[in-house]
Amino acid sequence: MGDVKRIGVLTSGGDAPGMNAAIRGVVRTALNRGLSVVGIKRGYEGLLACDISELNGKSVSDIIHRGGTSLLTARCPEMLEKKYQEKAADICRIMKIDALITIGGDGTFRGAAALSELGVNVMGIPATIDLDLAYTDYTIGFDTAVNTAMEAINKIRDTSSSHERCSVVEVMGRRCGNIALWCSITGGAEAVIIPEHPVSTEDVIKEIIQNRAKGKSHNLIVVAEGRGGSEALAKEIEKVTGIVTRATILGYLQRGGSPSARDRMEGSLMGYNCVEAIMNGERNRAMGVINGARISMDIKEALSCTKEYNDTLYNVIKVLSV
Ligand code: F6P
């Protein structure tokens, strides 16, 4: 374990359901192992402002079932700059933070990797609804977000089918279509539009017309935020086909909410494993899951991983759509 006596924990970037379970997992495990823990408010923004306070077992009571993050979060563009990275590293040293646990997505891990270059021992717990960290098969928050979006789609479907309309539903996913793909299969969409698989508006309209000819009385198209343009797409569908079409952008509806059992479990286990890794002397590691096995990987190596887009889910949607 080296000289680790005190650890710090922060959440950064977009909140994700299950972050609280991870904070709780970290705090309770650390206290159990005789470490002291400080919580840093608002991610790197709070670190730079030295908004840091001691946490105890009670500090994480009654949060496991809550969405969002009890430590608050922020996006902190300053952390892209060397002078702020140095300031953050200095604060870690002054505050005697021997290991800093960062909970978040890609931007969070980049900030952590920069701090590791400056001698801070950083650990990463992947939490983002987008499921877009290539080194791990799972990121905390994805399951809840997909379930929330799927339930919203169920409701939209009721109206769409009652009125025999077409619905375009836009779900989150900055640069990737994972939420959209999962929602399309589980919500029974007939088409999905994601950044990884460009498809023209003409082709989508052609498909709607063909499906109507095959007897479909309503239509459901899921669009990933990264592709965007759902309002314009809805207007174009209505103009060309004459089918009344409405766009619904789910937005933040799918980022909050009580975490699913899976996200509570992942948060708890990754929080626990992260502290255990620190106790075992690991430095600068990102926690993750690969093929069902719990892993930790050098945080810079984790950030350099890439995942090739795989068409399997996309093709399943095509087969199941009519
Ligand atoms: O990374 C999670 C996410 O919800 C993305 O799906 C989305 O593009 C982004 O965050 C939105 O970020 P913000 O809430 O800062 O606008």
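The values are calculated or read from the model by the stated rules, or taken from the named source; none is laboratory data. Model, not experiment: these values are computed from the prediction. Positions of Cβ are generated from backbone atoms using ideal geometry, with glycine treated the same way; all protein chains shown enter the neighbour counts. All accessible areas refer to the heavy atoms of the entire protein, side chains included, with ligands and DNA or RNA removed. Shrake-Rupley method; radii C 1.70, N 1.55, O 1.52, S 1.80 Å.
Looking only at residues that are of a type in the set (S, T, N, Q) and modelled with pLDDT of 95 or more in the stretch 299-322, which one is farthest from the chain's Cα centre (by Cα)?
My answer is Asn315.
The single condition from (1) within 16 Å of the ligand (Cβ to nearest atom); (2) open to solvent by 10 Å² or more (accessible area, probe 1.4 Å) that Val223 fails is (2). Does the stretch 144-158 hold any residues that are open to solvent by 40 Å² or more (accessible area, probe 1.4 Å) and within 30 Å of Glu301 (Cα to Cα), and which are they? If the condition is that a residue be open to solvent by 40 Å² or more (accessible area, probe 1.4 Å) and within 30 Å of Glu301 (Cα to Cα), then no residue fits.
Of the set (1) open to solvent by 70 Å² or more (accessible area, probe 1.4 Å); (2) in the same structural domain as Val26 (by TED's automatic domain parsing), all apply to Arg246 but (2). Of everything in the stretch 120-174 that is within 10 Å of the chain's Cα centre (by Cα) and assigned to a strand (DSSP E or B), the residue that is nearest to Glu190 (Cα to Cα) is Ile140. Residue check: Glu276 meets all listed conditions (1) in a helix (DSSP H, G or I); (2) modelled with pLDDT under 95 but one, namely (2). Step by step: first the residues of the stretch 159-184, then only those that are out of contact with any helix residue (DSSP H, G or I) (no Cβ under 6 Å at 6 or more places or on another chain) and more than 16 Å from the ligand (Cβ to nearest atom), then the one that is least open to solvent (accessible area, probe 1.4 Å). Which residue is that? Once the filter is applied, the top-ranked residue is Ser160. Scanning the stretch 14-27 for residues that are open to solvent by 10 Å² or more (accessible area, probe 1.4 Å) and within 13 Å of the ligand (Cβ to nearest atom) returns Gly14, Asp15.
Selection of the stretch 193-204 for residues being crowded, with 19+ Cβ neighbours inside 10 Å and away from the ligand (no atom under 16 Å from the Cβ) yields only Val204.
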